[in-house]
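What follows is one structure encoded as structure tokens, with my remarks underneath.
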Amino acid sequence: MIDLSVRIKNLKFETPFLNASGVWCTTENEIDEILKSEAGGVVFKTMTLEKRVGNPEPRLYVTDDFSINSMGLPNLGVDYYCQIASKLKKYQKPLIASFAGFKEKEFYILAEKIDNTDFDGLEVNLSCPNLEGKGIFAYDLDLSFKILKNLKKITKKVIGVKLPPYNDRETIKKIAEKFLQLKIDFVTLINSYPLGAFIDTKNERLVIKPNQGIGGLGGRVLKPISLAQVILFHKFSQGKIDIIGVGGVETGDDVYQYILAGAKLVGVGTRLLKGPKIFSNLKKQLEKIFREKKINKIEDKLGQLKDY
Ligand code: RRO
């Protein structure tokens with residue numbers, strides 16, 4: 001019998017597939033569709049204290065190879081999501097609240113609100129690349145560690161952090177060691193690569209409008225970058241912090257690569273733009289790989305890359 005279920009602390013996911021926050025998870029209807037699919041749970045669109053319309057369009061460009069977005073955090077606001085969480089509880093799948101503040105204090109107010117609801121876990125988004133005139137929190141390690149230390153005092157729920165890509169091993173090592181100390185339960189690796197641009201040669205202009213036409217890069221091209229982050233984080237955290245791998249997941253083979261790299265679950269972003277049907281395809285394809293390789297459960301292969 002193949003068992004694709006995994007756990008992060010006390011949360012059980014019947015399959016290791018999630019949406020990447022941002023895709024198909026802004027309205028109650030979208031979240032409902034994810035929960036009705038073969039996804040093991042859902043991560044909500046990153047919520048802010050107030051609702052937001054986001055950046056001007058065009059703000060998303062998608063090809064088979066990549067996506068570029070500068071959505072600018074459009075969402076319906078924390079109160080809306082807290083309210084619908086109680087309705088969506090009926091699916092008995094983990095509901096994860098992704099949230100972000102513009103200032104340090106807002107992270108604490110958001111966490112307090114979310115802590116008193118039916119959400120099962122929190123994903124602190126320290127890596128949104130698209131806020132005009134603002135940097136990425138996660139590139140300020142001292143501030144990020146301070147925020148997380150304080151959030152741990154506020155919430156008793158399962159807590160994870162969504163990180164951007166880093167370009168050196170030392171930073172990943174430092175973060176992994178600190179997260180072990182802070183008892184962070186999971187990390188989501190990675191958000192979109194922060195600086196992506198593409199030019200439409202016919203019209204001689206960039207394909208998106210906000211932020212000088214530069215936005216977060218996702219999709220197939222991200223997978224090698226993301227896999228390296230997962231491998232290094234898994235190594236430096238000694239496999240003690242669960243990882244949700246995100247970046248270029250399209251097939252069961254991609255999922256299997258993330259499992260070997262050390263990710264217990266995967267998040268699907270760019271490919272989910274075509275709809276939640278991808279989750280049943282991923283399930284069939286991963287089960288086929290498990291059958292052929294005679295694997296019974298994900299834990300047996302987690303981080304099990306062979307040496308040369
Ligand atoms: O809404 C966005 O522009 C956005 C967010 Br919050 C994020 O975390 N990652 C991304 O690629 N876009």
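Would it be correct to say that Ile190 is closer than 18 Å to Gly245 by Cβ, among the hydrophobic types (A, V, I, L, M, F, W, C) and within 11 Å of the ligand (Cβ to nearest atom)? So Ile190 passes the test. At least 3 residues being more than 20 Å from Asp65 (Cβ to Cβ) is the threshold, and among the strands (runs of 3 or more DSSP E) wholly inside the range 209-308 those reaching it are 242-246. So how many residues does the range 243-297 have that are in contact (Cβ under 8 Å) with a residue 40 or more places away in the chain and farther than 21 Å from Ile34 by Cα? Of the residues in that region, 10 qualify. Considering only the range 48-55, I want to know if a residue exists there that is touching a residue at least 60 places away in the same chain (Cβ under 8 Å), within 12 Å of the ligand (Cβ to nearest atom) and either surrounded by 24 or more Cβ atoms within 10 Å (Cβ to Cβ) or over 14 Å from Pro276 (Cβ atoms) (or both). Yes; the residues of the range 48-55 include at least one that is touching a residue at least 60 places away in the same chain (Cβ under 8 Å), within 12 Å of the ligand (Cβ to nearest atom) and either surrounded by 24 or more Cβ atoms within 10 Å (Cβ to Cβ) or over 14 Å from Pro276 (Cβ atoms) (or both).
Taking each residue of the range 25-46 that is free of Cβ contacts under 8 Å to residues at least 24 places away in the same chain and under 14 Å from Val268 (Cα atoms) and looking for partners that are crowded, with 18+ Cβ neighbours inside 10 Å and of a type in the set (Val, Ile, Thr) with beta-carbon atoms closer than 7 Å, six or more apart or interchain, yields Cys25/Ile31; Cys25/Ile34; Cys25/Val42; Cys25/Val43.
For the range 193-206, a residue qualifies if it is within 13 Å of the ligand (Cβ to nearest atom) and of a type outside the set (A, V, I, L, M, F, W, C), and the qualifying residues are Tyr193, Pro194, Gly196. The set of residues from the range 69-92 being hydroxyl-bearing (Ser, Thr, Tyr) and in contact with a helix residue (DSSP H, G or I) (Cβ under 7 Å, 6 or more places away or on another chain) comprises Ser70, Tyr91. Restricting attention to the range 266-280, the residues that are within 10 Å of the chain's Cα centre (by Cα) and aliphatic (A, V, I, L, M) total 2.
Coordinate-derived values only; no laboratory data. The model shown is predicted, which means the values in this text are computed figures rather than measured ones. Methodologically, a virtual Cβ is constructed for each residue, glycine included, from the backbone with ideal geometry; neighbour enumeration extends over all protein chains shown.
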